[in-house]
Structure formats: C-alpha cells, structure tokens
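The values are calculated or read from the model by the stated rules, or taken from the named source; none is laboratory data. Computed from a predicted model, the values in this text were never measured in an experiment. Cβ placement follows ideal geometry from the backbone for every residue including glycine, while neighbour counts extend to all protein chains displayed. For the accessible areas, the whole protein counts, side chains as well, though only heavy atoms, and no ligand, DNA or RNA atoms are used. Shrake-Rupley method; radii C 1.70, N 1.55, O 1.52, S 1.80 Å.
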Amino acid sequence: MTLILDEYSLLTVYTAMGIYTLAFVMFAIDMAKRSTSKPVPVSVGSQRRQSDAQGAVATLQETEPPRQPSRYKFERIAFSLVVLGWVFHAAGVALRGMAQSFVPWANMYEFALISSALIVGVFIVIQWWQNLKFLGVYITGFTLITLGVGTVNFYVPVKPLPPALDSYWLIIHVIVASLGTALFAIGAGLAIIQLLQARREAGKKSLALLKTLPDAMKLENLTYFTTVIGFVFWTFTLIAGSIWAERSWGRYWGWDTKEVWTFIIWVIYAGYIHARATRGWRGTRSAWLAIIGFLAVIFNYAIVNVFIPGLHSYSGL
C-alpha cells in the first residue's frame, strides 16, 4: 500500500509539472504580447473656443476620458492553470504523507515538494491582496526547476523516519522555514523586476513590457513587505530549530554547518531590513540585498544539504 500511494504521489506531481509547464508558456505569451502592445492613445474630447462678451479671449479645453484597465487574456488563463496545477501538487504532497504515515518533509525530495507547493500557494493567496501575476513566469519556472531537480536528483523511496526526525518539532520547524522560503522567493522576484524597472526609468534600454508593470518605487515597497514577513518566519525557524536541537541533542546551538548557514541567511535579511529602514539603502542596493539573501537560501538547500556533512544530513541520498 505504501508503494502504491508513493506511485500515485509521483503521478500527481508529474501531472502538476505538466500543468505548470502550460502555465509557464501562457505567462510567456502574455509577456510577449505586452512587449508588442501599443500605448492606449489619448483621445481629445470636444475642443471648444469660447469668447466672452468683451471678445479677444479664447480658451481651448481638452478632455481625456478615463483609461480603462487592460485585461490580459493569456495571463488569466495562465493563472487558472497555476491554480489547477497547485491542486495536483498539493495532492502529491498529501499522498506522499499518507505513504510516509507522517508529514512528508524528512528529506531533500520531500522538502522540494513542500517548499515549492508553498511558494505556489503563497503566490496564489497573495493575489487577494496585490496583483502579482506578472511574476508568473518566474514562479512557474522556479517551481518547475525545483520539482524537476527534486524528482530526478533527490527522489528516494519512502522509508522510516530517523529517530531525531520523529518529532512534532519537524512539523513546526520545516513549515515555518518553507513559508519563509516562499516569501523570500517572491521578494527576490520582485527585486529582480525592480532592478529592470529602475533601469527603464533611468532612460536606459529595457524591455517594453516593463511599461505595463508597477513602477520601481512600488516594486521596492512590495519587496520590502514580503521580505519582512518572510524574515519573521525565518526567525521562528531559528527559534524552533534551537528548541528542537536541545530536545534531540541536548544543546540549543552547536555551530553545525546547517545551523550556521541558517543564521547567515537571518543576518543577511536582518541587514537588509536595518539598512533600508535606518541607513537609507533604497533603490538598487536594497534590491541586490534581497536577491543575495535568496541566493543564500538556495545555497543552503542545494549545496549545504548535499555536499557538506553535519548533524543535519537528512537528504536521504
């Protein structure tokens, strides 16, 4: 039964990847159409010349009708596909958990499943607050890479949990780390577009589609907002990890490689928040800090977990 559930899990994950691929293509088409679209021309309403009783004075009045918001058909189709893909993605996570008889995030493959599912889930939910569908190519592309690497390079069959992982602290620690990672990923995507938009606003050659996206200042504020929330979750990651370490190994901190890199990531984002709030690091400098922080997260997952031995060597490979 365990093997069957795991096979169904893989099948639903592959289905999700296929749907995400279609969404990626639709988002790419939307970007291409934005790049070739022409600005809405300004229509001049009635032009009236009025002369008063004394003559001599004429006025020219121009009226501009309110511009209707653009509607992007391919973007809507792509986002619908993202939601459908996420349903299969979440089902794959749930089936893996049923096969594991515990939460499915005990190794690299399972963490790839849950972290990418949360990235897409946060991307979907955040649309209720702010329209960030223009990140669609970035989100679906990153998710496809994560799932592709996870299923090809990190997949391991279901097996019993190591004693140190058989704890409810695994649920708390990994879920807050995954939520922090999801928000950092979205923040990094916004920071990348912010850099491109700032280049366009400086009069340098840039992509035409940037004219349809928010300005650099708004993108910077969105980056800061999502990163601050991600930083809160990452802080809880450190706290929960320390408590769990004390329960498992009898100490709160042991300078293990994974612990050190988790702390380095925390310091980078703390520096980003502090520099922007008190030192006036705005614009491109703050954007680069957000991107560097997320690169450190990727390094922590893809390099530290695989190539550097330590107490946290639970990759399963």
### Query
With respect to residue 196, is the statement that it is without any contact (Cβ under 8 Å) to a residue 24 or more places away in the chain and under 20 Å from residue 282 (Cα atoms) true?
yes
### Task
Go over the candidates 220, 259 one by one and state the one that is in a helix (DSSP H, G or I), more than 19 Å from residue 131 (Cβ to Cβ) and not β-branched (Val, Ile, Thr).
259
### Message
Regarding the range 150-163, can at least one residue be identified that is closer than 25 Å to residue 249 by Cβ and free of Cβ contacts under 8 Å to residues at least 24 places away in the same chain?
### Response
yes
### Query
Which ones in the range 195-225 are modelled with pLDDT under 90 and among the charged types (D, E, K, R)?
204, 205, 211
## Note on the structure
Of (1) out of contact with any Ser or Thr (no Cβ under 7 Å at 6 or more places or on another chain); (2) open to solvent by less than 30 Å² (accessible area, probe 1.4 Å); (3) of a type in the set (Val, Ile, Thr), residue 228 satisfies every one except (2)
#### Entry: Given (1) more than 19 Å from residue 296 (Cα to Cα); (2) modelled with pLDDT of 95 or more; (3) not hydrophobic (A, V, I, L, M, F, W, C), number of the condition residue 187 does not satisfy
(1)
### Message
I'd like to check something: does the range 127-144 contain any residue that is open to solvent by less than 50 Å² (accessible area, probe 1.4 Å) and outside any helix (DSSP H, G or I)?
### Response
yes
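For the range 237-247, check the following and say yes or no: at least one residue is among the acidic types (Asp, Glu), assigned to a helix (DSSP H, G or I) and over 24 Å from residue 150 (Cβ atoms). Explain how you work it out, then say what you get.
Here is the first cut: in the range 237-247, the residues among the acidic types (Asp, Glu) are 246.
Add one more test, that the residue is assigned to a helix (DSSP H, G or I), and what stays is 246.
Now narrow it down to the ones that are over 24 Å from residue 150 (Cβ atoms): 246.
Yes: one or more hits.
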### Task
Tell me which residues, restricted to the range 228-262, are more than 25 Å from residue 183 (Cβ to Cβ) and among the polar types (S, T, N, Q).
248
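Residues in the range 100-110: is at least one in a helix (DSSP H, G or I), out of contact with any strand residue (DSSP E or B) (no Cβ under 7 Å at 6 or more places or on another chain) and either surrounded by fewer than 19 Cβ atoms within 10 Å (Cβ to Cβ) or β-branched (Val, Ile, Thr) (or both)?
No, the range 100-110 contains no residue that is in a helix (DSSP H, G or I), out of contact with any strand residue (DSSP E or B) (no Cβ under 7 Å at 6 or more places or on another chain) and either surrounded by fewer than 19 Cβ atoms within 10 Å (Cβ to Cβ) or β-branched (Val, Ile, Thr) (or both).
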### residue 177, sole failed condition from (1) in contact (Cβ under 8 Å) with a residue 40 or more places away in the chain; (2) surrounded by fewer than 13 Cβ atoms within 10 Å (Cβ to Cβ)
(2)
### Task
Pull up the range 153-172, narrow it to residues that are assigned to a helix (DSSP H, G or I) and open to solvent by 40 Å² or more (accessible area, probe 1.4 Å), then point me to the one that is modelled with the lowest pLDDT.
163
### Summary
Looking across the range 240-265 at residues that are open to solvent by 30 Å² or more (accessible area, probe 1.4 Å) and under 23 Å from the mean Cα position of the chain (by Cα), the single one that is farthest from residue 165 (Cα to Cα) is 264
### Task
Please work out which one of (1) in contact with a helix residue (DSSP H, G or I) (Cβ under 8 Å, 6 or more places away or on another chain); (2) open to solvent by 50 Å² or more (accessible area, probe 1.4 Å); (3) farther than 30 Å from residue 10 by Cα is the condition residue 223 fails and give its number.
(2)
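I need the full set of residues from the range 209-220 which are open to solvent by 60 Å² or more (accessible area, probe 1.4 Å) and free of Cβ contacts under 8 Å to residues at least 60 places away in the same chain, in order please. Can you show your working first?
Quick first cut of the range 209-220, residues open to solvent by 60 Å² or more (accessible area, probe 1.4 Å) only: 211, 215, 217-218.
Listed by number, the residues that qualify are 215, 217, 218.
Table: residues versus (1) of a type in the set (A, V, I, L, M, F, W, C); (2) in contact with a Ser or Thr (Cβ under 7 Å, 6 or more places away or on another chain).
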{"site": "81", "(1), (2)": "yes, no"}
{"site": "86", "(1), (2)": "yes, no"}
{"site": "94", "(1), (2)": "yes, no"}
{"site": "97", "(1), (2)": "no, no"}
{"site": "100", "(1), (2)": "no, no"}
{"site": "111", "(1), (2)": "yes, no"}
{"site": "118", "(1), (2)": "yes, yes"}
{"site": "138", "(1), (2)": "no, no"}
{"site": "168", "(1), (2)": "no, no"}
